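Trainee: A single structure is presented below for examination.
The values are calculated or read from the model by the stated rules, or taken from the named source; none is laboratory data. Not measured: the values here are computed from a predicted model. Backbone-built Cβ (ideal geometry, glycine too); neighbour counts: all protein chains shown.
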Amino acid sequence: MRLEALFEDLESQFEALQDGDLYGEVADRIRAEVGKITVLDRLRGAVGTMIRVDLRRAEPVQGTLGRVGKDCLLLEAERYEEWLIPAAALTGIHGLGPFAESAEGPSRPNSGWRICCAESPGIVHR
């Protein structure tokens with residue numbers, strides 16, 4: 001009788017250890033997958049929403065996220081302004097949701113774009 005209780009206890013401990021190992025493995029895999037998501041992937045999941053971006057060497061810009069390319073994003077601001085912002089110029093993003101999407105391809109400016117200011121190289125405004 002005592003041996004049966006001992007074996008049952010050992011079996012339950014073994015099952016608990018196996019469950020713990022499985023939980024740890026699943027958690028590790030989730031962390032690895034989440035670690036592959038880039039800021040641009042998060043931005044792609046927010047296309048069509050209103051966000052505000054903080055920029056290196058420029059004032060923050062707020063607008064509707066229109067498109068996200070390989071290394072830049074397009075914000076549609078008030079008064080039909082459009083901002084093409086390279087990812088390297090971003091220092092903060094506000095209003096970003098929890099969704100993400102994989103890359104669709106780069107955005108390229110058309111002939112209507114111009115550099116918005118000399119002290120913020122790479123930020124294009126139309």
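Trainee: Only one of (1) more than 16 Å from H94 (Cα to Cα); (2) in a loop (DSSP other than H, G, I, E, B); (3) not β-branched (V, I, T) is not met by R31, so which one is it?
Mentor: (2)
Trainee: Filtering region 1-37 down to residues that are acidic (D, E) and at pLDDT below 75, which residue is nearest to the chain's Cα centre (by Cα)?
Mentor: The initial filter retains those residues of region 1-37 that are acidic (D, E), namely 4, 8-9, 11, 15, 19, 21, 25, 28, 33.
Those still in the list that are at pLDDT below 75 too: 19, 21.
Details: D19: 31, D21: 29 Å.
Only one residue tops the list, namely D21.
Trainee: Next question, about the same structure. Which one of these does E59 not meet: (1) at pLDDT 80 or above; (2) surrounded by 10 or more Cβ atoms within 10 Å (Cβ to Cβ)?
Mentor: So the condition that E59 fails would be (2).
Trainee: Which residues, counting only those in region 78-94, are exposed (fewer than 15 other Cβ atoms within 10 Å of the Cβ) and touching a residue at least 12 places away in the same chain (Cβ under 8 Å)? Please lay out each step first, then the result.
Mentor: Pass one, region 78-94, residues exposed (fewer than 15 other Cβ atoms within 10 Å of the Cβ): 78-81, 88, 91-92, 94.
Selection gives E78, E81, A88, T91, G92, H94.
Trainee: Could you tell me whether G112 is modelled with pLDDT under 90 and under 23 Å from E33 (Cα atoms)? Don't jump to the end; show me each part of the working.
Mentor: Working: modelled with pLDDT under 90: yes; under 23 Å from E33 (Cα atoms): no.
Judged against the criteria, G112 is not a match.
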